[in-house]
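The values are calculated or read from the model by the stated rules, or taken from the named source; none is laboratory data. A quick note: this is a predicted structure, and the numbers were derived from the prediction, not measured. So basically every Cβ, Gly included, is an ideal-geometry build from the backbone, and we count neighbours across all protein chains shown.
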Amino acid sequence: MKGRFSWWPDWIRRKNAYARTNSLQMDVDRFNAVCAGVGLPNIHQKSTFKFKDVADGAARFLGVSPSGEKPYARIYTRLGNPNTEYLEKVLFQLECDHIIYNALSADEKTPTIASLVSASGMAAITTVILGFVRPGDCIIVGNVYGCTDSFMRFLQNRFGVDVVFVDATNPENIRLVMQQHPNTVAVFIETPDNPTLQLCDISAISAITEPEEVMLIVDNTFCSPYLQQPFRLGADVVVHSLTKYVNGHSASIAGAALGPYEFFSKEVYPVYKDLGPTPSPFESWLNSLTIQEMGVRMEHQCKTAQKLAEFLEQHPGVSRVWYPGLQSHPQHALCKKQMRHGGAVISFELKGGYQAGVNLMNYFARPDTPMELAVSLGSVISYIEHPASMTHAVVPEEDRLKRGITDSLVRLSVGVEGFSVLRDALDKGIQLAG
């Protein structure tokens with residue numbers, strides 16, 4: 001909606017000058033070096049930080065620090081913490097390393113992108129949305145995670161926000177809704193989406209939203225910065241559930257949001273400060289610790305997932321497989337264009353339908369199998385779950401079925417157990433499932 005965001009013109013200048021690039025992912029070695037970092041800080045397990053003097057305290061509340069660290073990270077942990085600041089900086093580099101280089105080369109004097117870590121992925125999403133949304137605004141939403149879906153419906157039912165759900169895999173659907181709803185202020189997509197693993201063309205959608213001053217928000221959870229870096233493709237805001245691939249060990253919960261510095265500092269951070277979706281220092285330390293080998297983990301998981309998807313596609317007990325790395329995937333070409341690999345999540349249906357899927361998942365609920373019946377993803381442990389009754393149970397059935405989330409759909413998050421172990425276990429489980 002043109003004229004809505006005062007920061008938009010400067011952001012578009014920076015976006016086109018520094019963020020968009022033909023190089024769609026950071027070099028693998030550089031990525032792993034950033035993950036490893038330069039030394040994990042000690043855990044600052046405290047709520048309050050002492051000031052050097054009155055002037056120091058006053059300056060930090062104004063957003064100024066003499067030594068270059070985040071000023072709010074040395075006041076009160078609800079506002080920030082050194083451990084959270086470290087994680088924010090690493091994620092910022094992983095998503096925006098090229099922006100840093102391009103801005104410095106152009107002698108840009110002020111920051112372009114801000115990074116905020118929250119206590120969960122949903123905290124990151126809701127904080128960003130509440131940073132700009134007003135009654136009467138329209139938000140266009142693609143196929144998204146169940147709790148994101150229910151939050152959007154909450155905004156619609158409680159605060160009069162016009163929420164329109166579309167098939168965002170076709171960018172023209174977004175263009176049409178924007179024409180019908182001139183009050184559109186944002187488009188929110190997941191790519192790949194959860195759990196059908198359909199892809200959205202970030203570049204094509206950005207070409208539609210940007211001229212109309214509509215913010216493009218991309219949930220990058222299923223890819224992490226390792227597989228996909230949406231700012232390079234034209235995204236305006238990127239959000240993550242760090243609980244998944246960034247953490248990788250199911251030891252902690254956290255989320256992150258990155259976006260235009262002026263927008264985040266003037267509109268998003270005040271919401272963050274007042275609502276308090278801040279992680280504890282220990283949670284941020286855990287996520288910083290596990291991020292150090294994220295690239296190595298994901299490389300292994302993606303290669304295993306590719307081979308498992310190929311195995312499942314040929315299995316006589318499987319009726320259909322959804323995996324972007326397969327040539328049979330309808331958006332395989334787009335996967336190759338904007339992702340490093342096909343990811344580490346596979347969705348599939350068994351020929352025996354719903355009951356066979358239940359039997360398979362119950363098989364993996366046993367303690368003697370190399371997988372767990374659990375709803376998360378991205379872990380070194382493989383997880384299997386039933387989206388229709390679990391992660392997407394809050395989505396109305398009619399909408400769920402339109403999105404391809406049938407009662408017989410099974411979602412598999414591939415861990416690091418190894419291809420042969422998982423292949424043999426899946427083969428046995430499918431045969432027992434009937």
Item to complete: Go through the residues of the stretch 107-120 one by one and say whether even a single one is free of Cβ contacts under 8 Å to residues at least 40 places away in the same chain, surrounded by fewer than 19 Cβ atoms within 10 Å (Cβ to Cβ) and assigned by TED's automatic domain parsing to the domain that holds Lys244.
Response: yes
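Would it be correct to say that Lys15 is part of a loop (DSSP other than H, G, I, E, B) and either surrounded by fewer than 17 Cβ atoms within 10 Å (Cβ to Cβ) or in contact (Cβ under 8 Å) with a residue 60 or more places away in the chain (or both)? Let's see the steps before the verdict.
Details: part of a loop (DSSP other than H, G, I, E, B): no; either surrounded by fewer than 17 Cβ atoms within 10 Å (Cβ to Cβ) or in contact (Cβ under 8 Å) with a residue 60 or more places away in the chain (or both): yes.
So Lys15 fails the test.
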Worksheet, complete the sentence: Of the candidates Ala168, Ala103, the one satisfying the condition of being over 24 Å from Ile405 (Cβ atoms), surrounded by 19 or more Cβ atoms within 10 Å (Cβ to Cβ) and either in the same structural domain as Lys266 (by TED's automatic domain parsing) or charged (D, E, K, R) (or both) is Ala103
Item to complete: Quickly run through the stretch 311-335 and pick out the residues that are aliphatic (A, V, I, L, M) and not in a helix (DSSP H, G or I).
Response: Val318, Val321, Leu326
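Taking the stretch 28-57, which residues are out of contact with any strand residue (DSSP E or B) (no Cβ under 9 Å at 6 or more places or on another chain), within 29 Å of Gln292 (Cα to Cα) and free of Cβ contacts under 8 Å to residues at least 40 places away in the same chain? Can you show your working first?
Restricting attention to the stretch 28-57, the residues satisfying the condition of being out of contact with any strand residue (DSSP E or B) (no Cβ under 9 Å at 6 or more places or on another chain) are 28-46, 50-57.
Adding the requirement that they be within 29 Å of Gln292 (Cα to Cα) leaves 28-46.
The answer is Asp29, Ala33, Val38, Gly39, Asn42.
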Worksheet item: Out of all the residues in the stretch 403-427, which are farther than 22 Å from Cys223 by Cβ and either without any contact (Cβ under 8 Å) to a residue 24 or more places away in the chain or assigned to a loop (DSSP other than H, G, I, E, B) (or both)?
Response: Thr406, Asp407, Ser408, Gly418, Ser420, Asp424
Practice prompt. Give Val421, Val414, Val358, Val375 a once-over and let me know the one that is over 23 Å from Asp167 (Cα atoms) and in contact with a Pro (Cβ under 7 Å, 6 or more places away or on another chain).
Written response: Val421
Discussion item. Filter the stretch 34-64 down to the residues that are surrounded by 11 or more Cβ atoms within 10 Å (Cβ to Cβ) and under 21 Å from Gln93 (Cα atoms) and list them by number.
Written reply: Val34, Cys35, Ala36, Gly37, Leu40, Pro41
Fill in: Residue in the stretch 414-427 that is modelled with pLDDT of 85 or more, farther than 28 Å from Ala254 by Cβ and surrounded by 21 or more Cβ atoms within 10 Å (Cβ to Cβ) present
yes
Worksheet entry | Filtered residues of the stretch 58-73 (kept if free of Cβ contacts under 8 Å to residues at least 12 places away in the same chain and small (Gly, Ala, Ser)) | Ala58, Ser65, Ser67, Gly68
Response to the item:
Checking Ala235, Ala251 in turn, the sole residue that is among the hydrophobic types (A, V, I, L, M, F, W, C) and either closer than 20 Å to Pro279 by Cα or assigned to a helix (DSSP H, G or I) (or both) turns out to be Ala251
